[in-house]
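For reference, the structure discussed in these notes is given below.
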There are 2 protein chains.
Amino acid sequence: MRYGAMRELVLSMKVVLPNGAIIETGGRARKTSAGYDLTHLFVGSEGTLGVISEITLKLFGVPECTAAATVQFSNLHSAVSAVTAIIQLGVGVARIELIDKAAVAAVNAYSNTSLLEENMLLLEFHGSEYVVNHEVALAASILAEHGGTGFMSSTDQSQRTVLWQARHDAAWAIRAQRPGSQIFVTDVCVPISLLANCITETHADITATGILGPIVGHVGDGNFHVVVVVSPEDEEEMSRVESFNERLIARALSMGGTCTGEHGIGVGKIPHLLHELGPDAVSLMRAIKSAIDPMGIMNPGKVTAEQ
Amino acid sequence: MRYGAMRELVLSMKVVLPNGAIIETGGRARKTSAGYDLTHLFVGSEGTLGVISEITLKLFGVPECTAAATVQFSNLHSAVSAVTAIIQLGVGVARIELIDKAAVAAVNAYSNTSLLEENMLLLEFHGSEYVVNHEVALAASILAEHGGTGFMSSTDQSQRTVLWQARHDAAWAIRAQRPGSQIFVTDVCVPISLLANCITETHADITATGILGPIVGHVGDGNFHVVVVVSPEDEEEMSRVESFNERLIARALSMGGTCTGEHGIGVGKIPHLLHELGPDAVSLMRAIKSAIDPMGIMNPGKVTAEQ
């Protein structure tokens, strides 16, 4: 079972508008065509249109059975191609995450584990026991066809936690690799069919640029992060990281993707928003911003601000 | 497998704006957080914000196996409760439709079929053969527990067409019941958990009001239509139909639902939009409309227009 991105699970929101009015953007029906979709206008608006004070979400029952699985790939492109095949064949996977070899190495050092230091996919399956067992077996065979090795799965909760530990520890583990450093997390999303090329080219760029940047991806959505370890006082390194990030975004956009799958525009990606959607679309966003917040009091300087 | 409502499958649109500019609202990535969600602002805007000239949709592979099924219920409330149970238990159904007893009778008369004249559910399942067979059996047992009888299913394409014929013929069949008449199709959507009550109360209201109004529902979404047969020159009948529709919308709103799941606001539901979301939300929609279409040249008089 797939649930969709978080934004697809928002049914309604209570929002305090800049003029002080309080609105509800929708009700509890799964489908509505009642006027403009205010709910999704506010999702991802980064506080620039109003203050969201309540959210109504779609809920799902706890699945009868949940399985977790992990598998290793010596070849990064093959790992991501296996994900594409699983999705294109309609196998019912609840989530698929990638942590690359560098991230696995960081986890081993941080969590004192002895995971094979290869690229790793982590999968989760939800449904009846019968369906889950079948989907796990289907996924296992597709992963093996693409060169995946060491496939392990479990429906036991404590075993599932062990299998997914590397994913949960990854961010902390990467951060801990260079004491005193900070992390700079990128965030692009591309069509699933181009994800293997995008990740492989990005990995080659990381190596060529000489930066420490493990890749952690919500690959089932085509979305991935490079978690770059930086020393902000090292201007030369920062400059290399920034140029790497520019190339990454250009690569994602050239593939029909986006400069941000999850994190948003904020201040840093204002020029990229303009590049991605063009001046007319950004002008439209500015017109909406001005209409709703004419005094510019909601999170000023972000998303649609002129720079 | 469930795919979500059509609006959730729209990735991007090309839109000609009132000022003549042509924008693309997104790219081909499944997830994006790049600025305001213009895509969903235009979905369902009924031509009032711009002219949509291209749409990019999410696609899915043709499923390995598709099954269709039908089942009868003498009790309408039980039929809808069975749908709620199937959804709440997470059974993987691609679509579930209801046609009530009156609609089945209309189909028999129109299509010369001999369907049992009871309330009828029509279901469809997509996936691997193994999973589909399992989900069909699961659904069959839930339907039987709720009093469903005469369950039939098939994975054969010509058999599937026969099983679903009643659904495809329903609108024409209902229209044909009274020569020279017209049909007035309502459209509400409520939370799934309240759907059985909403449909049962609506059915009792149809009977009490003395109108001819078979119920046809996309019940898997909580959305249903009453297809009322009317003679527009009969003022007394029109008045009864209009008061029935007012009560139906009030009932849906009192359950946290919406006055329109699919059809939109147009002209006729402008007062209901105001009632559903309140004056502040509608004022916000008007501000957006004015910002994007200051001259009011896009489908004037609709959705947010003052009446």
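The values are calculated or read from the model by the stated rules, or taken from the named source; none is laboratory data. Since the structure is predicted, the reported quantities are computational estimates derived from the model, not experimental observations. Here the Cβ positions follow ideal geometry from the backbone for every residue, glycine too, while neighbour counts run over all protein chains shown.
Listing for the model above:
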read-out	value
Identity of the residue in the stretch A:26-63, touching a residue at least 60 places away in the same chain (Cβ under 8 Å) and touching a strand residue (DSSP E or B) at 6+ places or on another chain (Cβ under 7 Å), that ends up nearest to B:Met6 (Cα to Cα)	A:Pro63
Flag if A:Thr32 is among the polar types (S, T, N, Q) and in contact with a His (Cβ under 8 Å, 6 or more places away or on another chain)	no
Considering residues of the stretch B:252-307 that are touching a residue at least 12 places away in the same chain (Cβ under 8 Å) and at positive phi only, the residue farthest from the other protein chains (Cβ to nearest Cβ)	B:Gly301
Checklist (1) hydroxyl-bearing (Ser, Thr, Tyr); (2) away from chain B (no Cβ under 14 Å); (3) not in a loop (DSSP other than H, G, I, E, B) applied to A:Thr66, failing item	(2)
Which listed residue, of A:Thr66, A:Thr25, is closer than 27 Å to A:Gly92 by Cα, among the hydroxyl-bearing types (Ser, Thr, Tyr) and in contact with a His (Cβ under 9 Å, 6 or more places away or on another chain)	A:Thr66
Pairs, first under 13 Å from A:Asp169 (Cβ atoms) in the stretch A:89-117, second in a loop (DSSP other than H, G, I, E, B) and among the β-branched types (Val, Ile, Thr), C-beta under 7 Å, six or more apart	A:Val107/A:Thr113
Some residue of the stretch A:294-303 being over 18 Å from the mean Cα position of the chain (by Cα), more than 30 Å from B:Arg286 (Cβ to Cβ) and outside the structural domain of A:Val107 (by TED's automatic domain parsing)	no
Answer residue from the stretch B:13-38, given it is hydroxyl-bearing (Ser, Thr, Tyr) and in contact with a helix residue (DSSP H, G or I) (Cβ under 6 Å, 6 or more places away or on another chain) and is farthest from the other protein chains (Cβ to nearest Cβ) among those	B:Thr25
All positions within the stretch A:142-164 that are closer than 30 Å to B:Thr32 by Cβ and in contact with a helix residue (DSSP H, G or I) (Cβ under 8 Å, 6 or more places away or on another chain)	A:Ile142, A:Leu143, A:His146, A:Gly148
Test: residue in the stretch A:209-228 that is without any contact (Cβ under 8 Å) to a residue 60 or more places away in the chain, more than 10 Å from every other protein chain (Cβ to nearest Cβ) and out of contact with any Ser or Thr (no Cβ under 8 Å at 6 or more places or on another chain)	yes
Verdict on B:Val71 being touching a strand residue (DSSP E or B) at 6+ places or on another chain (Cβ under 8 Å), more than 10 Å from chain A (Cβ to nearest Cβ) and in a helix (DSSP H, G or I)	no
The listed residue being among the hydrophobic types (A, V, I, L, M, F, W, C) and away from every other protein chain (no Cβ under 14 Å), out of A:Ile249, A:Ile206	A:Ile206
Residue within the stretch B:274-292 that is in contact with a strand residue (DSSP E or B) (Cβ under 9 Å, 6 or more places away or on another chain) and assigned to a strand (DSSP E or B) present	no
Breaking point among (1) in a loop (DSSP other than H, G, I, E, B); (2) within 14 Å of another protein chain (Cβ to nearest Cβ), for A:Gly147	(2)
Checking A:Thr258 against (1) in contact with a Lys or Arg (Cβ under 8 Å, 6 or more places away or on another chain); (2) β-branched (Val, Ile, Thr); (3) more than 24 Å from A:Gly4 (Cα to Cα), the condition it does not meet	(3)
Sole residue being outside the structural domain of B:Val43 (by TED's automatic domain parsing), among the hydroxyl-bearing types (Ser, Thr, Tyr) and in contact with a Leu (Cβ under 8 Å, 6 or more places away or on another chain), chosen from B:Thr200, B:Thr207	B:Thr200
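For every residue, the table says whether it meets (1) part of a loop (DSSP other than H, G, I, E, B); (2) polar (S, T, N, Q); (3) crowded, with 23+ Cβ neighbours inside 10 Å.
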position: A:Glu201; (1), (2), (3): no, no, no
position: A:Asp205; (1), (2), (3): no, no, no
position: A:Phe224; (1), (2), (3): no, no, yes
position: A:Val229; (1), (2), (3): no, no, no
position: A:Glu233; (1), (2), (3): yes, no, no
position: A:Ser239; (1), (2), (3): no, yes, no
position: A:Phe244; (1), (2), (3): no, no, no
position: A:Leu253; (1), (2), (3): no, no, no
